[in-house]
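Visitor: Following this message is one structure expressed as structure tokens.
All of the numbers you see were taken from the coordinates with simple rules; none came from a lab. No experiment lies behind these values; they were computed from the predicted model shown. Cβ placement follows ideal geometry from the backbone for every residue including glycine, while neighbour counts extend to all protein chains displayed.
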Amino acid sequence: MVSRFKIKTLTEFIIERQYEYPHAKGALTRLLNDIATAAKIVNREINAAGLVDILGYKGKKNIQGEAQKKLDVFANEQFIAALKGGAECCAIASEENEKIISFENEFSEMGKYVIAIDPLDGSSNIEANVSIGTIFSIYRRKTEVGEGGKVIDLLQPGVNQVAAGYVIYGSSTMLVYTTGKGVNGFTLDPSVGIFCLSHPKMMFPDKGIIYSINEGNYIYFDEGVKQYIKYCQEDDKKTSRPYTSRYIGSLVADFHRNLIRGGIFLYPATSKAPSGKLRLLYECNPVAFIAEQAGGKASDGITRIMEKEPETLHQRSPLFIGPKLMVEKTEEFLKKYNN
Ligand code: AHM
Ligand code: MG
């Protein structure tokens, strides 16, 4: 049967949306396309990950005689190559690299944008066939065009993000992004290799019913977080409690499920990790931008994530993210019990 619906591809969608930015010259469009292309290549490798052992790729060399690369290193290289070749981006900060990667060639030096990226977040989950993701933020550079990007181009607060998104490599592969005018999700049709609009105008449900936290760290949490967990587990029909507990241990997958079903994700500070675990630039800020655009909220317990001024590239931050009312409730608990 012929479908009555016209499929909208990611490329069509991005080009259509350019009208929302009257002075746009297509640079952002090209950047998002480059990211989507690299994501498809990474997706292909992830899908084959389970075959590595039986096909004999594991070990020092693969069958082509090349040294086998870890998937997170492979993903990093793919995104760097796609963005470097694209000439819209003058530098990248990646979780995989201690310093920024400045693109010093005549094309990239004219690029107006920089990108903060976690090429393969949650990669320790790969061997268990658990969903993992890519997370990215796009900023306008601070320095003048004409030379490679500098660290100050990347040390910007999340409120300066021009676009942000994630790719989830799950039971299906999706790309979800925002340019500050709502959130849209695209599912990869693997038979043709095209991302198709499947989740237009994504919004958190008003009512949250899930809480996601690594409760194994309970003894290291401060009193506010412990009390909030207790609140989540109490019986109160009016507020749909007790909430359901769900935790994958893969930020993109946990966040994505909570965005669709309605839930809060918490990675608080602990006595062992006083700044939490997640990185502000390429983990917290992009999901914070998406959360806010989907009617939610992202906070470190006190301060709005996107207003935090980064001092270093790999700076960590506690993260409380989800439907507005749920995040506000955690803030209330932290305020009440942590002083
Ligand atoms: P990674 O960047 O080393 O992959 O770690 C980040 C991941 C997130 O995806 C996830 O939310 C978190 O670590 C889970 O941490 P934990 O295992 O401490 O619960
Ligand atoms: Mg990570």
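Visitor: I'd like the distance separating the alpha-carbon centroids of the stretch 250-290 and the stretch 91-135, in whole Å.
Guide: Distance between centres, Cα-based: 18 Å.
Visitor: Now for a different question. Please compute the Cα-Cα pair-distance distribution of the chain with 20 Å bins starting at 0, giving whole percents from short to long.
Guide: Per 20 Å bin, starting at 0, the Cα pair percentages come out as 31, 57, 13, 0.
Visitor: Report the semi-axes of the equivalent ellipsoid for the stretch 145-268 in whole Å, largest first, where each axis is √(5λ) for an eigenvalue λ of the Cα gyration tensor.
Guide: Equivalent-ellipsoid dimensions as semi-axes: 31, 22, 14 Å.
Visitor: Given a Förster radius of 25 Å and the C-beta distance between LYS335 and LYS142 as r, what FRET efficiency does 1/(1 + (r/R0)^6) yield to the nearest 0.05?
Guide: It comes to 0.15.
Visitor: Given the rule -39500 (n - 2.57) for each run of at least 4 DSSP H residues, summed and divided by the residues of the chain, what is its mean residue ellipticity at 222 nm, to the nearest 500 deg cm²/dmol?
Guide: After summing the helix terms and dividing by the residues of the chain, the value is -8500 deg cm²/dmol.
Visitor: Could you give the length gained on full extension between SER171 and LYS6, defined as 0.36 nm per residue of separation minus the Cα-Cα distance, in nm?
Guide: Contour length minus Cα-Cα distance gives 57.0 nm.
Visitor: Give the lysines reachable from LYS336 as a straight Cα distance under 19 Å; neighbours fewer than 8 places away on the same chain don't count.
Guide: Once the sequence-local lysines are set aside, what remains near LYS336 is LYS226, LYS230, LYS324.
Visitor: If you don't mind, another one. Take the Cα pairs of the stretch 210-337, get the Kirkwood Rh, then feed it into Stokes-Einstein at 20 °C and 1.002 mPa s and tell me D in µm²/s.
Guide: Translational diffusion coefficient: 148 µm²/s.
Visitor: Shifting gears a bit: Return the Rg/Rh ratio of the stretch 10-199 with Cα-based radii and a Kirkwood Rh.
Guide: 0.98
Visitor: Modelling each spin label as a point 7 Å along the Cα-to-Cβ direction, I'd like the ASP236/LYS112 distance in nm, to one decimal.
Guide: Taking the two extended label points, one gets 4.8 nm.
Visitor: On to the next question. If we count every other residue with Cβ under 15 angstrom of LEU155's Cβ, Lys/Arg +1 and Asp/Glu -1, where does the sum land?
Guide: +3
Visitor: Within a Cβ distance under 13 Å of SER198, other residues only, what is the Lys/Arg minus Asp/Glu net charge?
Guide: +1
Visitor: So what is the relative contact order for the stretch 126-241, in percent, with contacts set as C-alpha pairs under 8 Å and at least six apart?
Guide: 15 percent
Visitor: Let me ask you something else. Which length gain, in nm to one decimal place, applies between SER245 and GLN18 when the Cα-Cα distance is subtracted from 0.36 nm times their residue separation?
Guide: Using 0.36 nm per residue and subtracting the Cα-Cα distance, I get 77.7 nm.
Visitor: I'd like the orientation of helix 223-233 relative to the chain: the angle between its Cα long axis and the longest Cα principal axis, in ° from 0 to 90, rounded to 10.
Guide: Relative to the chain, helix 223-233 is tipped by roughly 90 degrees.
Visitor: So what's the net charge close to LEU31: Lys and Arg +1, Asp and Glu -1, counting the other residues with Cβ under 11 Å from its Cβ?
Guide: Neighbourhood net charge equals 0.
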